[in-house]
1. How long, wide and thick is the stretch 107-202, going by the Cα atoms along their three principal axes, in whole angstroms, largest first?
2. Suppose R0 equals 25 Å. What FRET efficiency, 1/(1 + (r/R0)^6) with r the Cβ-Cβ distance, do E41 and A177 give to the nearest 0.05?
3. Which parts of the stretch 51-88 would a label at W141 reach, counting a residue when its backbone N lies under 15 Å from a point 7 Å out along Cα-to-Cβ?
4. Based on the Cβ-Cβ distance of H112 and F159, what FRET efficiency does E = 1/(1 + (r/R0)^6) give at R0 = 25 Å, to the nearest 0.05?
5. Let me know the shape class of the stretch 36-86, please: from the alpha-carbon gyration tensor, a ≥ b ≥ c as square roots of the eigenvalues, rounded when a/c is under 1.5, otherwise prolate if a/b is greater than b/c, or oblate.
6. Between N31 and A91, what is the label-to-label distance in nm when each label sits 7 Å out along the Cα-to-Cβ direction?
7. Provide the net charge surrounding D78, with neighbours chosen by a C-beta distance below 11 Å and charges set as Lys +1, Arg +1, Asp -1, Glu -1.
8. Normalising by the residue count of the chain, find the relative contact order in percent from Cα pairs under 8 Å and 6+ residues apart.
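Bear in mind these aren't lab numbers, they're just calculated from the coordinates by the rules spelled out. This structure is a prediction, so every number in the text was calculated from the model and none was measured. Neighbour counts run over all protein chains shown; Cβ positions are idealised from the backbone, glycine included.
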Amino acid sequence: MLSKILKFIKNYLNKSSQKRLIQNGNLTVGNNSDLNGLKLEIKLGRKDVQNIKIGDGCMIFGNFYIERAEAKITVGNDTFLGGSSFIAAEAIEIGNNVMFSWGCTVIDTNAHSLNHNLRRNDVQQWKASIDNGTPGSLKNWEDIESKKITIRDNAWIGFNSIILKGVTIGEGAVVAAGSVVTKDVEDFTLVGGNPAKQIKKLTN
């Protein structure tokens, strides 16, 4: 009984958050899309920026994280996103009829500088921003590399895969379970491994 009550509270809070973001203009949702399994976190959101746009007929589970006020996540029509995490500091664009299995991570940024001198204060800045009630507000993005990720129509991303910044997954491409994708994947191609490499071409 307690677990049902906690689940109800969680769903209520999640829907309330989505409603607020829709009212603010940060989130738009198409017709007949199911967002009941989606958790949203927008840091430093602005009412003049549409951070998330979801098309028609989608089923969305997992987590969307907007790391910067200008960052965007867009999803086309009839797309299924399993229990995965999508972290955007720049942009993540997902097409139509895309399928994401569970446990995937898509992140378009390094999140920290590669220079240890530039990241040595990251933890203290993060804690200070939480303490003052504006998580992420003190983070300096100037020396952090971020680049848009694009997942084209009809792609299928397997369980526990990781897609890193700047990658384009081609139309109809398949990423095998557990892969780490660091480079572009051609249309109608099966890739797998760490780092992901071409396994074979697929029939269009």
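1. 51, 26, 21
2. Numbers: r = 26 Å, r/R0 = 1.06.
Efficiency computed from Cβ-Cβ geometry: 0.40.
3. Of the residues in the stretch 51-88, 51-52, 65-74, 87-88 have backbone N under 15 Å from the label point off W141.
4. On the way: r = 27 Å, r/R0 = 1.07.
Step by step, r from the Cβ atoms, then E = 0.40.
5. Note, shape of the stretch 36-86 comes out oblate.
6. Going from the N31 label point to the A91 one covers 2.7 nm.
7. Details: positive: none; negative: D56, D153.
Every neighbour counted, the sum reads -2.
8. Numbers: 537 pairs, mean separation 26.0, N = 204.
It comes to 13 percent, rounded to a whole number.
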